[in-house]
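**Q** Here's a structure for you.
Computed from the coordinates by the stated procedures, all read-outs in this text should not be read as laboratory data. What you are looking at is a predicted structure, and each value in this text was computed from that prediction instead of being measured. Cβ sites come from the backbone with ideal geometry, for glycine too, and all protein chains shown count toward neighbours.
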Amino acid sequence: MEATLYDLKNRRSVRKYKTEQIKKEELEKILEAGTYAPTGMGIQSPKIVVVQDKETISKLSKLNAKFEPGSEEEDTFYGAPTVLIVLADKSRPTYVEDGSLVMGNLLNAAYALGVGSCWIHRAKEMFEAEEGKELLKAWGLDAEKYAGIGNCILGYADEEAAPAEPRKSDYIVFV
């Protein structure tokens, strides 16, 4: 339990990555952790799309930047060599929560394995756009069925993450 609490307290978003690809064994463990996230009624509505080729990552980063004013010239994925796109079935009433829990498991498992990670937002907008829908179709996914929940970027950190800020004093309310 102590190791789990340590990981939860110390995981931070990484925004600068080495070019080296993460190990296959690490990726498999991170993905496995994602598949064990709780989901509404155990239905397992999310999908995880794994992208490791530079061309597709670049295309995804450019698409993501379209929905962040002022970032059109930036790599919104910070040079990460792996992107995990979490999607979820919009017909499920808990699809946002289901996908968010998958994202949390991916991020925490990555940290536990020594892999840097960051949740990159705007997946919803990316896959509502025509270009995003075309990508989903090319990947064999129903573009009308799935909503983007988040982009989990992975790689080896190329800088130390800042330590956690102290927790706010009124975070918890006992009733």
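**Q** Mind checking the stretch 108-175 for trypsin sites (Lys or Arg not before Pro) that DSSP puts in a loop (not H, G, I, E or B) and that have at most 12 other Cβ atoms within 10 Å? Walk me through the numbers before you get to the answer.
**A** On the way: sites: 122, 124, 133, 137, 145, 167, 168; in loops: 122, 145, 167, 168.
Hits after loop and neighbour filter: 167, 168.
**Q** Shifting gears a bit: May I ask you to list the chymotrypsin sites (Phe, Trp or Tyr not before Pro) in the stretch 88-175 that are in a DSSP loop and have at most 16 other Cβ atoms within 10 Å of their Cβ?
**A** Answer by residue number: 139, 171, 174.
**Q** Also, quick follow-up: Of 126, 41, 103, which has the largest mean-square fluctuation in a 10 Å C-alpha GNM of the chain?
**A** Checking each option, the largest mean-square fluctuation is seen for 41.
**Q** Still on this structure, I have one more. Mind telling me which of 107, 31, 154 comes out most flexible in a GNM of the chain, alpha-carbon contacts under 10 Å?
**A** 31
**Q** Over the chain, what per residue volume does the convex hull of the Cα atoms give, in whole Å³?
**A** About 155 Å³ per residue, rounded to a whole number.
**Q** Treating only the Cβ of Lys, Arg, Asp and Glu as charged (+1, +1, -1, -1), what charge dipole size does the stretch 2-155 show about its Cα centre? Round to the nearest 20 debye.
**A** Around 240 debye, computed over the stretch 2-155.
**Q** Relative contact order for the stretch 1-130 using alpha-carbon pairs under 8 Å, separation at least 6, rounded to a whole percent?
**A** 38 percent.
**Q** Also, quick follow-up: Compute the longest continuous run of the chain that contains no exposed GluC sites (Glu not before Pro); treat a site as exposed when its DSSP state is not H, G, I, E or B and it has at most 14 other Cβ atoms within 10 Å.
**A** 75-143
**Q** Something else now. I'd like the projected area of the stretch 21-111, averaged over all directions, using the convex hull of its alpha carbons. Report it in nm² with one decimal.
**A** For the stretch 21-111, the mean projected area of the Cα convex hull comes to 6.5 nm².
**Q** Still on this model: Going toward the positive end of the dipole of the stretch 65-175, with +1 on Lys and Arg Cβ and -1 on Asp and Glu Cβ, which of 120, 95, 67 do you reach last?
**A** 95
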